[in-house]
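Read the structure below first, then the notes.
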Amino acid sequence: MSQTTDKTILIVGLGNPAPEYQKTPHNAGFWVVEEFISNSQRIFESAKKVHSKVAKIKTSEKEIIVIKPQTYMNNSGLAVREAQNFWKIRTADIIVVHDDSDILLGKLKISANQSSGGHKGVESIIKSLGSTNFTRIKIGVRPISKAKSELQGHIKAEKFILKSFPPKIIETVSKKGTEVLEVLIHEGFEQSMNMFNNSSFTL
């Protein structure tokens, strides 16, 4: 992610807009950006021109545009490309927040310039932008069993990715993701990786 200051950053939270998906882990990107915007006392408003719900935060150094694509997960790239073109944002100044079914709950990972790893929303963004040169916050959503010998590492993602999570877990994940976003925006990519990539948080 670029470290210049006088610029616009686009933050994209991935999810599915229908109410029945609201508490499912596939909407972890939505959870985080909703918490982030709430902390800034902003609200999302519909913006049909970019097929998204949009909120803006201005600081002395930069403008932060946050979107929740309303295109459904597999077509997320359409909204991201429209937002990039409308606000003239460099690909390197885009941050995508999304669930990762290969990472255990209580962990997350910050990365940049990587393949989709099979995530359909990220795959759509890469295809639409023609680039992987953006930053990602991957939110772990793979359940953990009580017995260490039974880590649910072999359960297919579709078995849990669209099942509702308890409110407490959603709240904890949202707050942690927001903390990561704040560090990434204000202190940079390397600092955020050093702080969070090898750590766990209590659910």
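Where a number appears in this text, it was derived from the coordinates with a stated rule and is not lab data. These figures come from a predicted structure and were not determined experimentally. Here the Cβ positions follow ideal geometry from the backbone for every residue, glycine too, while neighbour counts run over all protein chains shown.
Summary table
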{"read-out": "Gained length - Asn74 relative to Glu187, 0.36 nm times residue gap less alpha-carbon distance", "value": "37.6 nm"}
{"read-out": "Linear extension gain, Ser111 paired with Phe86, 0.36 nm per residue minus alpha-carbon span", "value": "6.5 nm"}
{"read-out": "Segment 37-94: trypsin sites (Lys or Arg not before Pro) in DSSP coil with no more than 11 other Cβ atoms inside 10 Å", "value": "Lys88"}
{"read-out": "Where GluC sites (Glu not before Pro) fall in DSSP loop in segment 1-84, at most 15 other Cβ within 10 Å", "value": "Glu61"}
{"read-out": "Cα gyration tensor shape for segment 99-203, rounded if a/c is under 1.5, else prolate or oblate", "value": "oblate"}
{"read-out": "Nearby lysines by direct alpha-carbon distance to Lys168 (threshold 23 angstrom, same-chain neighbours under 8 apart not counted)", "value": "Lys23, Lys68, Lys107, Lys109, Lys138, Lys146, Lys148, Lys159, Lys176"}
{"read-out": "Options Leu105, Ser76, Thr59, ranked by Cα towards positive dipole end of segment 57-113, top entry (Cβ charges)", "value": "Thr59"}
{"read-out": "Bridge type composition, segment 7-196 - antiparallel percent by DSSP, nearest 5", "value": "45"}
{"read-out": "Mean Cβ count within 10 Å, highest first, over the residues of peptides 172-179, 114-121", "value": "172-179, 114-121"}
{"read-out": "Charge sum, other residues only, whose C-beta stays under 15 Å from Asn197's C-beta, Lys/Arg counted +1 and Asp/Glu -1", "value": "0"}
{"read-out": "Per-pair calculated FRET efficiency, R0 = 25 Å: Glu61 and Ser131 via Cβ, rounded to 0.05", "value": "0.50"}
{"read-out": "Debye, to nearest 20: dipole size of the chain, +1 on Lys, Arg Cβ, -1 on Asp, Glu Cβ", "value": "380"}
{"read-out": "Gaussian network model of the chain, springs between alpha carbon atoms under 10 Å - residue of Pro143, Pro25, Pro69 with greatest fluctuation", "value": "Pro143"}
